[in-house]
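Each reported figure results from applying straightforward, stated rules to the coordinates on display, with no laboratory input. Here the structure is a predicted model, which means the values were calculated and not measured. Backbone-built Cβ (ideal geometry, glycine too); neighbour counts: all protein chains shown.
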């Protein structure tokens, strides 16, 4: 009888028994329940640190794969919530076990799932596990909200130019933000440059050209600069700031507290649950740190966002590879369109090169029609020769006949040696026979692993045949109806067909 033992321990706020303790308890329990059978255990224990809120865990997915492949007779856990703390996920898992005639056992909750009352108890326990997780999440969220409302620092990555300090409030010690006077200058420079008219990408290029780096000794990126400009932690608590945030619908302290002497803290921007959801009406509190940027200047920055946004290529139906083409440096390729003498000229260009300069990527601007024509030409070649389609994970079929024969040969040899051993248990040759059996068993296990890998590869090969047929069908449809299809239809069809299209110095490389 083959039993799969699934053991998991969440690192965060999980005081459950260690993975090793869980495995030992399951082994001991199995040897009691199935004492009349010869047991083989398969351990699934690589999910330490994964939460039980869903089943997207590597070892668990491997367990389910082995269940559906018929490799297990039973699945055992130390406790029900090791599988999942969601009733739905647990129900789906148990249904999979039932469909494949796999028994389910839990050491801590001893119930018989072959009876209606046993299954009912199991689902009740799963429901309580889910309730416990949801209540814990809600308590943590409420605690963070209360701390944020008091101007305390609730943790996470420190804002640039800030530091965290511990201070006593009553009988408890809490974290607060203070300005790091040795490092705030770079934040002030970002605001100065942006208010002087420089764009965010312009600031990124300026910092790179002048060797100005982050505290981690990396170059500033556009997203990082935007985050600094949008963070209310640098804004003074002036009455103007109160009016701005009030108009946005944010939760705020009393208006009387906005006297321009302190900085602000934003919190509750996302709320936790099964997924992170952005809160539109998040909260702003008053910290204990000094203000870095006057509220009037900070608000001017917020109003500038989007004013100079360039819709490069977005308002023109140009470049069927938009969103598909990538540069050989790994960056995305964008489209820029110019109007000259009442004619439009569109170019593909590397976004990284445009932001950071030729020293980072030396890819040139390339006319859209040149690349698109080259791409269509390659599709026409593939239409005539479907075998030239290259998949991202192209594999070849492996003949498994020899592997199967070798496994069978090893099994037969082990069986024959076992019979010989039964007749020579008291003989001095028994030790030699046992050693031979152990060697053959190790060889058989290695062969079985190779056979399993080969069969998995072959399943992918069969799947690849269908995938290639689908890709070829899409290519034929595009080429046969190219003049009748809209720009959007062409682009969407290609997005669903092409995995990547790389712009190189020699042209383009397509992978499906």
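Worth a mention:
- Which of 174, 341, 289 has the fewest Cβ neighbours within 10 Å, and the rest in rising order: 341, 174, 289
- Relative contact order (%) - criterion: Cα under 8 Å, at least six apart; region: the stretch 162-304: 23 percent
- Förster-model FRET efficiency, 51 Å R0, residue 411 and residue 509, C-beta, rounded to 0.05: 0.60
- Kirkwood Rh in Å, taken over all unlike Cα pairs in the stretch 332-440: 21.2 Å
- Among beta bridges that DSSP assigns inside the stretch 162-304, antiparallel share in %, nearest 5: 90 percent
- Under the criterion of Cα pairs below 8 Å and six or more residues apart, the relative contact order for the stretch 387-480 equals 48 percent.
- Extended-chain gain in nm, criterion 0.36 nm per residue less alpha-carbon gap, residue 1 and residue 183: 59.1 nm
- Relative intensity, log₁₀ I(q)/I(0), of the stretch 170-256 from a Debye sum that treats every alpha carbon as a point, q = 0.12 Å⁻¹: -0.51
- Separation of the stretch 340-386 from the stretch 221-273 is 42 Å, based on Cα centroids.
- With neighbours defined as other Cβ atoms within 10 Å of a residue's Cβ, the residues 398, 3 order from fewest to most as 398, 3.
- Cα-based convex hull volume of the stretch 387-480 per residue, rounded to whole Å³: 82 Å³
- Sites residue 175 and residue 217 - FRET efficiency at Förster radius 30 Å, r taken between beta-carbons, to 0.05: 0.75
- Rounded FRET efficiency, nearest 0.05, which uses the C-beta distance separating residue 27 from residue 465 and R0 of 35 Å: 0.20
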